[in-house]
1. With a Förster radius of 30 Å, plug the Cβ-Cβ distance of residue 193 and residue 159 into 1/(1 + (r/R0)^6) and report the FRET value to the nearest 0.05.
2. Classify the range 189-314: rounded, prolate or oblate, from the alpha-carbon gyration tensor (a ≥ b ≥ c, eigenvalue square roots; a/c under 1.5 rounded; otherwise prolate if a/b is larger than b/c)?
3. Neighbouring Cβ atoms within 10 Å as the yardstick, rank 120, 146 fewest first.
4. Between 248, 114, 126, whose Cα lies farthest towards the positive end of the dipole of the chain when Lys and Arg beta carbons carry +1 and Asp and Glu beta carbons carry -1, centred on the Cα centre?
5. May I ask you to order 101-113, 279-291 by the average number of other C-beta atoms within 10 Å around their residues, highest value first?
6. Mind checking which of 33, 257, 132 has the largest fluctuation in a GNM of the chain, springs on alpha carbons under 10 Å?
7. Out of all DSSP beta bridges with both ends in the range 10-174, state the antiparallel percent to the nearest 5.
8. Return the whole-Å distance between the Cα centroid of the range 171-199 and the Cα centroid of the range 29-103.
Amino acid sequence: MKKFEYKEKKDTRSGFGAGLFELGKKNENIVALCADLTGSLKMNMFADEFPDRFYQCGIAEANMMGVAAGLTIGGKIPFAGTFANFATGRVYDQIRQSIAYSEKNVKICASHAGLTLGEDGATHQIMEDIGLMKMLPGMVVINPCDYNQTKAATIAIAEYEGPVYLRFGRPKVPNFTPEDQKFEIGKAIILNEGTDVTIVATGHLVWKSIEAATKLEEKGISVELINIHTIKPLDEETILSSVSKTNAIVTAEEHLLNGGLGDSVAQLLGRKMPTPIELVAVNDEFGESGKPDELLTKYGIDTINIVSAVENVLKRK
């Protein structure tokens, strides 16, 4: 198993803030909108440096999405930021009608997603957002794994013409991907090559999967580990190539079982290459208030659950 190291833990929302600031310096058409959460989304640097291109919309998320859609008509590239719960569920109609259906070049930037939001509890811990957004025709869905990858993703989506949902979070997690990485939308990253089982993971569960793969290697199980930062469009070629070799796969994500990465992978395999599969995800439950790591354990999506899923899927090969 390849060894992965990191110098520090950093929150992915700060990666978004840093990427947005870099974009602001390079492209005058980049504009940013926020729904009264500038500090929480680390949009302060952009707002302070480019006040004429920053729009504080207040606690009016539906209006913010409409304004963002309108700004694209004048050639602007709007990055609309708020908490993931408010960026999807609260404004789904506006996104569907004004952004997705209208094919507007809006970047929906959603922080504080998933269980690792922690103490804010179930009302804010949205775990169905990926499903909501990937079902919209033409919507790109991206869920990076650490600070560096989130920064790179933020910069990359500005070059993409069309609506994008970018998901990131609050907790500090290992920052292990290269600082100078090139982010390619729709292209998965093979972190480790193996022959016994494939693990595909997204977001915060990528590092948990690295931990799981290390434990599995100690048991003599060879793991092919893939970082799926883009859930839609899914890198079907890389996944199919891997499972043609391993003949078993486990998916891992901080999302509900329904509608997430595992759902997409299962559909792919069902259509093109039926393969034993186990899904590590939250099973039809809302979250609760608690410390992030404790919640991951309680809801069955931590390192040990990935190890168990691999052991189970290998029995079905």
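1. 0.50
2. Judged from the Cα gyration tensor, the range 189-314 comes out oblate (a/c at least 1.5, b/c at or above a/b).
3. 120, 146
4. Ranked along the dipole, the leading option is 248.
5. 101-113, 279-291
6. Ranking 33, 257, 132 by mean-square fluctuation puts 132 first.
7. Looking only at bridges with both residues in the range 10-174, the antiparallel portion is about 10 percent.
8. One Cα centre to the other: 29 Å.
Readers should treat all values here as calculations from the given coordinates under stated rules, not as data from a laboratory. Bear in mind that the values here come from a model prediction, so they are computed numbers and not experimental data. Here the Cβ is made from the backbone with ideal geometry for all residues, glycine too, and neighbour counts use every protein chain on show.
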